[in-house]
Structures are given as structure tokens and as C-alpha cells.
Amino acid sequence: APDIGDLLDLNDATFREIFSGSPIKRIGRNRLVRNAAIAAGNSADPRLLARLRPLCDDEDPVIAEAAAWAMADALTAAATLGVTVLMAALASFDTLAFPASLSCPSERTSGFAAAFATSAPCASTFGF
């Protein structure tokens, strides 16, 4: 199967050269690149963002719209994955240990950080 990134990079001349004599040539470069952009967005592969960006300025508005959607979808998926990984990492901590040189986080922070810190063992637990 062709690489999605390579399909995103196709210009009209290259498309015609590669797909000459193929049934794919009937759909044309614009539809193929639009479909590749949608596949890139669905893949949520952040490595494709750099290849999608130039397509946001494509002269075909359908390709430009698909590329913008794909970038937004891929960025949303990456952010969601990042939050999920962070939450999983935080959930794996049974305790938080701080070096002796630091005071309990609740003694030096406020807001969310302080609320989070109060659920973790602090200076008094470790005799800091």
C-alpha cells in the first residue's frame, strides 16, 4: 500500500506519471489527495502534520478544507492521547516522594497543585 505521506505530497504531474494507465487516474489527483488527507486525520499520526500543512493552502478548496480538518483531528487526538498517558502515569503513583530539600507541595503551592499534594504523603510522613 502507498504511504499516506507520499500521497499527500502528490502534485498533478507526479500523480499522472505514477497512475498512468491505472484506474486510480480516473478519480484524479484532487480526490486522491483529499482522501489521503482524511486518512491522515483519522490516523492521528503527528508525523503527517508537516505534510498536511501545505495542503491547507491548496488551490482546490476541497483539499484545503480536508487538510485543515485532518490537522485539527490529528492535533485533537494527540492532545487526548497526551492527557490519557499523563493521567495513567499519575494514577500509577501510590505515593509521591520529594527530596529532603523540598517542603511539602501544599506548603508552597495553591490551587490544584495544593489540592493534589494533600492526597500525597508529605514532609511529615517522611520526616522532612
Distance between modelled label sites at Glu65 and Asp6, nm, 7 Å Cα→Cβ extension: 3.0
In square angstrom, rounded to the nearest 10, how much accessible surface does Thr80 have for a 1.4 Å probe? 80
Sorted by accessible surface (1.4 Å probe, heavy atoms of the protein chains only), largest first, Asp57, Asp45, Asp6 come out as Asp57, Asp6, Asp45
With a ≥ b ≥ c the root eigenvalues of the C-alpha gyration tensor of the range 10-81, is it rounded (a/c under 1.5), prolate (a/b larger than b/c) or oblate? prolate
Taking the solvent-accessible surface of protein heavy atoms with a 1.4 Å probe, what is the per residue accessible area of the range 11-71 in Å²? 61
Label Ala72 and Asn35 with points 7 Å out from Cα along Cα→Cβ: what is the distance between them in nm? 2.4
For the pair Met87 and Asp45, the simple spin-label estimate (label points 7 Å beyond Cα toward Cβ) gives in nm 2.7
Once you list every other residue whose beta carbon is under 14 Å from the beta carbon of Asp6, what net charge do they have if Lys and Arg are +1 and Asp and Glu are -1? -1
What does the net charge come to around Asp73 if you take all other residues with beta carbon closer than 13 Å to its beta carbon, with K and R at +1 and D and E at -1? -2
Around Arg34, with a cut-off of 10 angstrom between Cβ atoms, what is the net charge of the other residues, counting Lys and Arg +1 and Asp and Glu -1? -1
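The values are calculated or read from the model by the stated rules, or taken from the named source; none is laboratory data. These numbers come from a predicted model, not from an experiment. Methodologically, a virtual Cβ is constructed for each residue, glycine included, from the backbone with ideal geometry; neighbour enumeration extends over all protein chains shown. To get the accessible areas, we keep the full protein, side chains included, count just its heavy atoms, and leave off ligands, DNA and RNA. Shrake-Rupley method; radii C 1.70, N 1.55, O 1.52, S 1.80 Å.
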